[in-house]
């Protein structure tokens, strides 16, 4: 029976993998090679969607880490099949597949962009906090409809509260 929730186990796996493969810690393992919907689809197991059979592949790093963790948790009792017990996390994906540079770029260019408007946001501030929090839960950037909706609300709030000096 697992001791730690899947999110924590997944983060530990990612950190251990990057420690043993330091060259991957800077730029990551590459898209679909460790922890993402693409990795699950590309495996050809029908997890998180389908992938063309002639293009299916499983990265050894993915198979030994998050795929194994996912299959371990979800082959157990039904009470372990919760959001906290799957390895999905946008931050973990960014670190493992895009490395420290990718995670830093996300924080600097994405979160900082919206965060610098935090003082002027009205309804956008709770949306921003909520968005930052839900990125721990799943691969939300691969759910473009959800993220675009949040981003449009944030842009609208920024536009509404910005001062025009023209």
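No lab work stands behind these numbers, since they all come straight from the coordinates. Not measured: the values here are computed from a predicted model. Heads up, the Cβs are rebuilt from the backbone with ideal geometry, glycines too, and the neighbour counts pull from every protein chain shown.
Largest mean-square fluctuation among 85, 33, 54, in a Gaussian network model of the chain whose springs join Cα atoms under 10 Å apart, belongs to 54.
Compared with the alpha-carbon gap, the fully stretched path from residue 57 to residue 108 is longer by 15.1 nm at 0.36 nm per residue.
Packing order of peptides 119-125, 96-102, highest average first: 96-102, 119-125 (average count of other Cβ atoms within 10 Å over each peptide's residues). Each peptide among 57-70, 15-28 gets the average number of other Cβ atoms lying within 10 Å of its residues, and from highest to lowest they stand as 57-70, 15-28.
Along its first, second and third principal axes, ordered by size, region 14-63 spans 32, 16, 14 Å in Cα coordinates.
Cα-Cα pairs above 25 Å in region 2-137: how many percent? Beyond 25 Å sits 33 percent of the P(r) for region 2-137.
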